[in-house]
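Here's the structure we're looking at; comments come further down.
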Amino acid sequence: MRFTQTISGTSYEFDGLVELMAKATPRRSGDELAGCAATSDAERAAAAWQLADVPLSSFLEDLLVPYESDEVTRLIVDTHDRAAFTEISHLTVGGFRDWLLEISTRSDAAERIARISPAVTPEMAAATSKIMRNQDLILVASVIRVTSAFRTTIGLPGRIATRLQPNHPTDDPRGIAAATLDGLLMGCGDAVIGINPASDSPQATTDLLHMLDEIRQRFEIPMQSCVLSHITTTVDLIGQGVPVDLVFQSIAGTEGANAGFGVNLSILREANEAGRSLRRGTVGDNVMYLETGQGSALSAGAHLGTGGKAVDQQTLETRAYAVARALDPLLINTVVGFIGPEYLFDGKQIIRAGLEDHFCGKLLGLPMGVDVCYTNHAEADQDDMDTLLTLLGVAGAAFVIAVPGADDVMLGYQSLAFHDALYVRQALRLRPAPEFEAWLARLGMCDADGRILPVDPATSPLLPLAACR
């Protein structure tokens, strides 16, 4: 199909849905790198105007990535809930945006959106997000309720969880323990204590998993741990009886990009079953921890769609959520600014992408979190991250990631600090996950409202962590 839109006497033509979606996307450096971005604000506005008139049903017929050559597309098409789709099948992209905004004002908004969520394909969600303002993305996401559980419950209203990320450049147990103590004293770790290992060797992963499990048991912490090794390493360790809580993997929105990560849908499903077979959860059995990021398909050279045209990075990112949805994860987050300014150039682009990713993930039924982050060579700073964190708190993000001093010395990027979690909880009256909050209260570390209390580390029952060897 060809699309034409005339603005102020100038006609703009778009050759197919792939091109229309790309041109309608708010400006970002990754699409410019791929050569698919609009060449002017006027062309971008014309594409967005035209996209608003596209029927949602078109995305079931005009596939952006071919069915025959891509297993992610086959997953999206084959699992589409056509019965649920009847409620919104008559809508255009613009009409769906209006429907979501209207429904968001009702008392039964969460139930209404949950009912149609299985009918929404990633392409429908991405298209709708492209014509929404930031406030639209925040409002709709704020009324969607998606929960998951393992030893803590993630995604409950009025709460925001945190991943405590105690990375160390040499996997030194003392450094990891010190960072863990720092985070726990500030109420972090209720989503997961997750380590990016400096080495992906099975022995290094085993040592770290044992260390985290010993911490959990010694201090009776309702938490889940994860060492972010490749999924095949983790599955092998499950077979050896290593104490694995969550199974981690980075995923993407095309078969080719996932192949670049060394995975496919079959491997992911088998890993999910392996993790669940251990039955280590106490309040739920969601065992997968998945990470995504705009630009991953482009960086792998796996971003081309129908007709060999480049698919925009935000649409490909949203397609990764279809993979995640099939795995029913405990946690999924976009590492929104981690890949670098080649894909999201500055704070404005990072903020917009974070809100898009969060909205699309929740709309597709995921307990969506965000790593509020940027690389040191991006045109961004911590003020931008403060803004995005606050907006995500209002939007009801399931969790965020926090590292010591907001500076990950192992991965070399800037994220949130532990005290940033204190800020957003205090400012927006949000609380930790309920099981974790109860543990904090037992140790005298939080009050009846879930607010973290000042504790003298020298008298804390967690002090033995400082002596870890």
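Karplus-based coupling profile of the range 443-458, in residue order and whole Hz: 8, x, 9, 8, 8, 5, 9, x, 7, 5, 9, x, 10, 6, x, 5, with θ = phi - 60° in 6.51 cos²θ - 1.76 cosθ + 1.60 and x standing for Gly or Pro.
Straight-line reach only, C-alpha to C-alpha below 21 angstrom: list the lysines that K348 could link to, leaving out same-chain residues fewer than 8 apart. Candidates past the 8-residue exclusion: K23, K130. Rounded if a/c is under 1.5, else prolate if a/b beats b/c, else oblate: with a ≥ b ≥ c from the C-alpha gyration tensor eigenvalues square-rooted, which is the range 257-398? Taking the square roots of the gyration eigenvalues as a ≥ b ≥ c, the range 257-398 is oblate. Residues of the range 368-392 falling in the label zone of E32, defined by backbone nitrogen less than 15 Å from a point 7 Å along Cα to beta-carbon, are 378-380. Solvent-accessible area of K362, all protein chains in place: 10 Å² (probe radius 1.4 Å, heavy atoms, ligands and nucleic acids excluded).
Overall, the accessible surface of the range 157-257 at a probe of 1.4 angstrom is composed of carbon and sulfur to the extent of 48 percent.
How far is helix 173-185 tilted off the main Cα axis of the chain, in degrees rounded to 10, range 0 to 90? Here the helix axis deviates by roughly 80 degrees.
Let a ≥ b ≥ c be the square roots of the eigenvalues of the Cα gyration tensor of the range 423-469; is it rounded (a/c under 1.5), or, if not, prolate (a/b larger than b/c) or oblate? Working shown, then result.
Values: a/c = 2.23, a/b = 2.01, b/c = 1.11.
Judged from the Cα gyration tensor, the range 423-469 comes out prolate (a/c at least 1.5, a/b above b/c).
Over the chain, Cα pairs under 8 Å with separation of 6+ residues give a relative contact order of 20 percent. Spacing of the modelled spin labels on D383 and H210, each 7 Å from Cα toward Cβ, amounts to 4.9 nm. Residue order by solvent-accessible surface for R145, R279, R442 is R279, R442, R145, largest first, with ligands and nucleic acids left out and a 1.4 Å probe. Estimated from helical segments only, the mean residue ellipticity of the chain at 222 nm is -13000 deg cm²/dmol, where each DSSP H run of four or more residues counts as -39500 (n - 2.57). Packing-based ranking of 324-334, 86-96 yields 324-334, 86-96, ordered from highest to lowest mean Cβ neighbour count within 10 Å. Would you mind calculating the gained length between D172 and E13 on full extension (0.36 nm times residue separation, minus the Cα-Cα distance), in nm to one decimal? Gain in length upon complete extension: 51.5 nm.
For the range 180-293, the solvent-accessible area works out to 35 Å² per residue, with a probe of 1.4 Å and every protein chain left in place. Answer rounded, prolate or oblate for the range 348-446, using the Cα gyration tensor with square roots of eigenvalues a ≥ b ≥ c: rounded when a/c is under 1.5, else prolate when a/b is larger than b/c, else oblate. Oblate, because a/c is 1.5 or more while a/b does not exceed b/c. Largest accessible area first, the listed residues E437, E13 line up as E13, E437 when surface is computed with a 1.4 Å probe on the assembled protein chains. The aspartates and glutamates whose alpha-carbon is closer than 13 Å to the alpha-carbon of K309, local same-chain residues fewer than 8 away aside, are D15, E19, D31.
If you look at the Cα atoms of the chain, you get an Rg and a Dmax of 21.7, 74 Å. A cut-off of 5 Å between modelled amide H atoms, ignoring neighbours fewer than 5 places along the same chain, links A161 with G155, F399, V400.
With a cut-off of 13 Å between beta carbons, the residues surrounding L139 carry a summed charge of +1, where Lys and Arg count +1 and Asp and Glu -1.
The values are calculated or read from the model by the stated rules, or taken from the named source; none is laboratory data. All of these numbers come straight from a predicted model, not from anything done at the bench. In this analysis, Cβ positions are derived from the backbone assuming ideal geometry, glycine residues included, and neighbour counts consider all displayed protein chains. Just the protein is used for accessible areas: all its heavy atoms, side chains included, with ligands, DNA and RNA removed. Shrake-Rupley method; radii C 1.70, N 1.55, O 1.52, S 1.80 Å.
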